[in-house]
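**Student:** Below is one structure. I have some questions about it.
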Amino acid sequence: MSPTWSDSEATTHTPGGQNRDFDDAEKGLYHNAQSLPVLPSPAYHGDEKTPTHMHLENRPGYVSPVHEGITPSSSVPILSTLSPSQSSGCLTPIKPTEPSPPPAKKPTSRPRPKISRWVRVRFWYNTYRQFFTFIVLLNLVGIIMAAVGRFPYAVNHLGALVLGNLLCAILMRNELFLRFLYMVAIYGLRSWAPLRIKLAATSILQHIGGIHSGCAVSGTAWLIYKVVDVALDSSVQHEAVIATGVITAAFVIVSALSAFPWVRNNHHNTFERHHRFIGWLGLAATWTFVILGNTYDIRTGEWRSDTWAMLNAQEMWFAVVIIPWFTLREVPVEVEIPSPKVAILKFQRGMQQGLLGRISRTSVMEYHAFGIISEGRKAPCHYMICGVQGDFTRGLVDDPPKTVWTRELKFAGVGHASAIFKRGIRVCTGTGIGAALSTCIQSPNWFLIWIGSDQERTFGPTIAGLIHKHIEPERMILWDTKKRGGRPDSVQLLKETWDSWRAEVIFITSNKQGNDEMMYGCLQEGMHAFGTLWDF
């Protein structure tokens with residue numbers, strides 16, 4: 001069992017079935033690359049300790065990366081350094097004595113930096129895989145011990161081990177439970193905990209899917225073990241118990257196979273239908289199989305009618321779980337289409353930063369997750385940016401809906417953990433702005449870097465207006481790859497911003513190519529970063 005969301009922030013599924021690394025709004029970001037113009041060293045005034053980038057608009061041939069091509073008006077805001085004594089709001093540029101060379105006229109390919117083997121191992125064997133490995137190996141040891149008769153609890157409570165693992169897997173994808181974990185981490189750590197603990201907690205929250213997958217695989221293994229155990233006693237077992245066990249095992253195995261990365265990423269609708277519907281059906285069948293197996297007494301060959309004993313059984317209560325589907329609602333939506341590549345969906349009520357929502361045209365089919373942009377809890381509305389990737393998002397542009405189905409209880413993406421840290425950088429490409437923008441709008445201690453192609457024309461005045469209304473020029477870099485002739489050296493850009501902004505952490509929302517490039521670079525440079533996940 002694996003997650004269905006992308007974190008807008010996580011995967012780029014094509015609802016039509018194919019997964020793409022780039023949605024239409026991101027095409028072109030990686031085709032024309034040029035070297036990043038060298039940014040100046042941070043400037044200081046007097047005893048001022050906080051550096052900002054110097055203003056270079058008078059240098060020959062220099063094109064500022066800040067706000068380039070994004071502002072709704074024709075004037076382009078510029079970034080300058082203020083002295084501590086200046087309070088009138090006027091910006092006084094500091095003019096360097098030596099001009100820098102103009103940027104290259106033609107984009108050139110940049111050689112990829114050499115990444116150490118240790119960095120590659122750390123990136124691959126992350127917390128997700130560590131969780132998965134630990135849980136699967138722990139349960140495997142239990143199965144082996146049960147098979148050789150050294151695990152008495154498993155002999156008497158095989159059903160509890162099956163349901164316990166499967167329901168733990170579901171709990172790790174439960175919106176209410178995840179919001180609770182984030183709340184504990186945010187309010188419990190942000191005021192006192194050292195950075196190392198904050199980073200560890202954020203890594204656990206981001207990679208909790210490893211527990212989900214590990215418990216799902218382990219529960220399936222225990223279920224197969226129980227079915228085999230029942231089949232070996234076929235001479236004394238009731239036919240209904242055996243038949244239910246075989247059907248249950250088939251449901252759960254199909255659900256697990258549909259969550260394999262290749263199926264999930266290349267045939268998303270197949271994953272959605274089989275993993276969700278057969279998964280829930282398999283869980284119900286598993287519970288029925290376990291209760292039937294516990295109710296039938298093989299020693300007497302009769303069904304037990306002791307209701308009190310059944311109510312006291314662990315297996316009975318393992319089936320009790322909070323289901324966020326109770327918050328499912330059909331809600332009105334306004335759709336803005338600034339370009340054929342993007343649909344901007346507007347919903348009522350404000351939201352906290354770092355949340356994601358799932359939407360669908362129907363109540364039970366084909367839910368897709370997108371980052372939520374909101375000015376705050378008390379705002380009258382919130383937005384989702386839906387880049388065209390397949391039939392579902394294409395339908396939002398071609399046939400805008402009046403209402404959509406969504407769960408009122410939103411789930412927390414890793415961006416929600418930004419509230420734990422004092423200062424950070426939120427970097428995104430293309431439609432990743434949908435998952436990143438709320439953090440920088442609602443917190444003045446977060447720096448926004450947005451790399452995109454023709455952003456103003458592609459994403460329209462609503463998104464541009466939110467950016468320029470809430471984010472000061474000195475804490476954002478908006479890089480238009482179309483006007484700049486290519487993308488920047490993202491790692492160099494992050495390193496210079498990291499030093500000048502004095503950041504503690506970087507959150508990345510990008511496609512796989514961009515995410516891997518930035519994550520490798522951050523690990524190599526010793527910058528703490530959390531990137532996009534494609535649950536493995």
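The values are calculated or read from the model by the stated rules, or taken from the named source; none is laboratory data. Here the structure is a predicted model, which is why all the values come from computation and not from measurement. No Cβ is skipped: glycine too gets one built from the backbone with ideal geometry, and neighbour counts run over all protein chains shown. SASA here: full protein model, heavy atoms, side chains in, ligands and nucleic acids out. Shrake-Rupley method; radii C 1.70, N 1.55, O 1.52, S 1.80 Å.
**Student:** Between Q389 and residues 5 or more places away or on another chain, which pairs have amide H atoms under 5 Å apart, with H built 1.01 Å from N, and which residues are they?
**Tutor:** Hits under the 5 Å cutoff: R394.
**Student:** Give me Rg over Rh for the range 459-514, both radii from the alpha carbons and Rh done the Kirkwood way, two decimal places. Before the final figure, lay out each step's value.
**Tutor:** Values: Rg = 13.0 Å, Rh = 13.4 Å.
A ratio of 0.97.
**Student:** What FRET efficiency do you get for K378 and R329 if R0 is 25 Å and r is their Cβ-Cβ distance, rounded to the nearest 0.05?
**Tutor:** Working: r = 21 Å, r/R0 = 0.83.
Here the calculated transfer efficiency is 0.75.
**Student:** In addition: Quick one: Debye curve from the C-alpha atoms of the range 431-496, no solvent, what's log10 I(q)/I(0) at q = 0.18, 0.28 Å⁻¹?
**Tutor:** Taken in order of the listed q values, log10 I(q)/I(0) reads -0.68, -1.42.
**Student:** Shifting gears a bit: Just the accessible area for L533, please: 1.4 Å probe, Å², rounded to the nearest 10?
**Tutor:** 20
**Student:** Kindly provide the chymotrypsin sites (Phe, Trp or Tyr not before Pro) of the range 108-214 that DSSP labels as loop, not H, G, I, E or B, and whose Cβ sees at most 12 other Cβ atoms within 10 Å. Walk me through the intermediate numbers first.
**Tutor:** Working: sites: W118, F123, W124, Y125, Y128, F131, F132, F134, Y153, F177, F180, Y182, Y187, W192; in loops: Y125, W192.
Of the chymotrypsin sites (Phe, Trp or Tyr not before Pro), the ones in loops of the range 108-214 whose Cβ has at most 12 other Cβ atoms within 10 Å are Y125, W192.
**Student:** Tell me the volume per residue, in Å³, of the convex hull enclosing the alpha carbons of the range 329-535.
**Tutor:** Spread over its residues, the Cα hull of the range 329-535 gives 120 Å³ apiece.
**Student:** If each residue of separation counts as 0.36 nm, what is the full-extension length gain between V254 and N445 once their alpha-carbon separation is subtracted? Please report the intermediate quantities before stating the final value.
**Tutor:** On the way: separation 191, 0.36 × 191 = 68.76 nm, distance 4.62 nm.
Working it through step by step, the gained length comes to 64.1 nm.
**Student:** Please report the carbon-and-sulfur percent of the accessible area for the range 329-535; probe 1.4 Å, protein heavy atoms only, DNA, RNA and ligands left out. Before the final figure, lay out each step's value.
**Tutor:** Working: 3230 of 6550 Å².
Carbon and sulfur: 49 percent of the exposed surface of the range 329-535.
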